[in-house]
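Below is one structure, written out as structure tokens; comments come after it.
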Amino acid sequence: MDRLAIGLLVTGLVCLASGLLPTGPAGDAMERIAPLLAFLGTVIVLAELTSKAEVFDVVAARVARAGRGSYAALFLLCVAFASVTTIALNLDTTAVLLTPVMLALASRVGIAAVPLAMTTVWLANTASLLLPVSNLTNLLAADRVALSPAGLAARMWAPQLAAIAVTMVCLWSFFWRRGRRGEGAGDPETPAAGGPGAARPEDVREDVRDDERARGRGRYRTPPVHRPADPVLFRACALACAGFLVAILVADVELWVASAAAAAVAVAAFAVRRRSELRLSLVPWRLLVMVPGMFLVVETVNANGLHELLATAVGDDGGPAGLLRAAAVGAGLSNVLNNLPVYLAGEAAVPLGNHDQLLALLIGTNVGPVVTPWASLATLLWYERCHAYGVRVPVTRLLGTGAVLAVTAVAASVAALALTG
């Protein structure tokens, strides 16, 4: 991840220095993504501190308890949890913070980790259509078509519901239904004996017996109530997140300003209560290096022929066929390159007046990047977190199931967009 981020930035700077990338397009791209980088950096800091304050852990434990041991109920609750987190706090936040929460939840209730991991990564992408905050590409699209957060939501609610519905069908069919969920396999590693958090042998044996009895009845073990270690930090970070949501949904505040203010509240709370947690590693420097590098590289390709190819591929048809064509181009190229720079390059190829065609391209670049691990930053971050937790998803299974989801979810979302136009 470190080498990829640095390599992309160095490559982009070499292209700029060599003249392959003209300074004009490079400057325009950097000026446009500057607010996005400010938002991304501050919202990740907010989310990291919110996680350390155990806000997500409390919610995850309540989700598990609300399921009352039922796999079907837990499935619906996890879908809702991942969808709301993505819609309200950004898909990269879901990948960074919800992934470890879901994996810990899997271990806590005694079920396999892979279904929960796939729920996180798929919905991090497919549930990112509704609000400008949900995806960095949405910020670009909303600016292009002059839509407020409420206006974008009013136009994209139907495609968003369609994408989530198809994702739910694919998740249940491929990972959650009996025989596919892999009970007892793929869970995160438990603490070593005698290490921090290690359970007593008799407790482990009792937990195993509880899990076996629950699985024999087709159910999972309900975890105890989770109580945060520091209630003051918990309340401060929970209020910071709530204030952030109110600011972006109700008040006319720029996203990066709202996220910076909320992050400042969380930082201030930790400075008073737990100063040792405030480290430079909270700043997502890999993302802040990788995103400009990706944009510079794709702008170089765009300046040297990609624009003409995209203009030909996307076309200028604003009808249903043209919408599907634009979405297919966005989804396909996102899985080859990455959805952020692909959207920016594709946007320039869409005629100015074709707003629905632009939104269809947005659907392709948001919902479609679920096949390859590098198709979106969220998927890259998710893959890294799963690797750190010792959870392995076979690449062939990831590619095959992701391809089915990409085709069906993109088609359903574009149909919803066309029908509600």
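Mind pulling the angle between the C-alpha long axis of helix 320-336 and the longest principal axis of the chain? Nearest 10 degrees, somewhere in 0 to 90. That helix lies at roughly 70 degrees to the long axis. Report summary: the helix-based calculation at 222 nm, which adds -39500 (n - 2.57) for every DSSP H run with n ≥ 4 and divides by the residues of the chain, gives -23000 deg cm²/dmol.
FRET efficiency for the LEU76 to ALA261 pair, using the beta carbon distance and R₀ = 56 Å, is estimated at 0.95. Distant-in-sequence amide contacts of SER70, defined by a placed amide H-H separation under 5 Å and a gap of 5 or more residues or a different chain, comprise TYR220. Against the longest principal axis of the chain, how steep is helix 339-349, in degrees 0 to 90 to the nearest 10, with axes from Cα atoms? Taking Cα atoms only, the helix is inclined about 20 degrees. Between LEU161 and GLU277, the simple spin-label model (points 7 angstrom out along Cα→Cβ) gives 3.8 nm. Ordered from longest to shortest, the equivalent ellipsoid semi-axes for the chain are 36, 25, 20 Å, each the square root of 5 times a Cα gyration tensor eigenvalue.
The packing ranking, built from the mean of other Cβ atoms within 10 Å per residue, places the peptides 396-404, 382-390 in the order 382-390, 396-404, highest first. Between the range 391-421 and the range 1-34, how many Å separate their Cα centres? Using only Cα atoms, the two centres lie 31 Å from each other. Here the Karplus curve 6.51 cos²θ - 1.76 cosθ + 1.60, taken at θ = phi - 60°, turns the phi angles of the range 20-30 into couplings of 4, 10, x, 5, x, x, 5, x, 4, 5, 5 Hz, with x standing for Gly and Pro.
The Rg/Rh ratio of the range 1-87, with Rg taken over Cα atoms and Rh as the Kirkwood radius over Cα pairs, comes to 1.23.
Any idea what angle helix 377-388 forms with the longest principal axis of the chain, computed on alpha-carbon atoms, 0 to 90 degrees, nearest 10? In the chain, helix 377-388 runs at an angle near 30 degrees to the longest axis. Quick one: grab the alpha carbon gyration tensor of the range 248-395, order the square roots of its eigenvalues as a ≥ b ≥ c, and give me rounded if a/c is under 1.5, else prolate or oblate depending on whether a/b is larger than b/c. Here the range 248-395 falls in the prolate category. Couplings 3J(HN,Hα) of the range 156-164, computed from phi: 10, 4, 5, x, 5, 4, 4, 5, 5 Hz, in residue order, whole Hz [Karplus 6.51 cos²θ - 1.76 cosθ + 1.60, θ = phi - 60°; x for Gly and Pro]. Phi-derived couplings, Karplus 6.51 cos²θ - 1.76 cosθ + 1.60 at θ = phi - 60°, listed residue by residue for the range 292-298: x, x, 4, 5, 5, 5, 5 Hz, with x used for Gly and Pro.
Taking the Cα centroid of the range 46-83 and of the range 302-369, what is the distance between the two, rounded to the nearest whole Å? Result: 35 Å between the Cα centres. In terms of its C-alpha gyration tensor, the range 310-371 comes out prolate, because a/c is 1.5 or above and the ratio a/b outweighs b/c. Of the peptides 25-33, 58-66, 223-231, the ranking by mean beta-carbon count within 10 Å, highest at the top, reads 58-66, 25-33, 223-231.
Throughout, read-outs are computed from the coordinates displayed, never taken from laboratory work. The structure presented is a predicted model; accordingly, all values stated were derived computationally and were not measured. Counting neighbours? That spans all protein chains shown, and the Cβs are built from the backbone with ideal geometry, glycine included.
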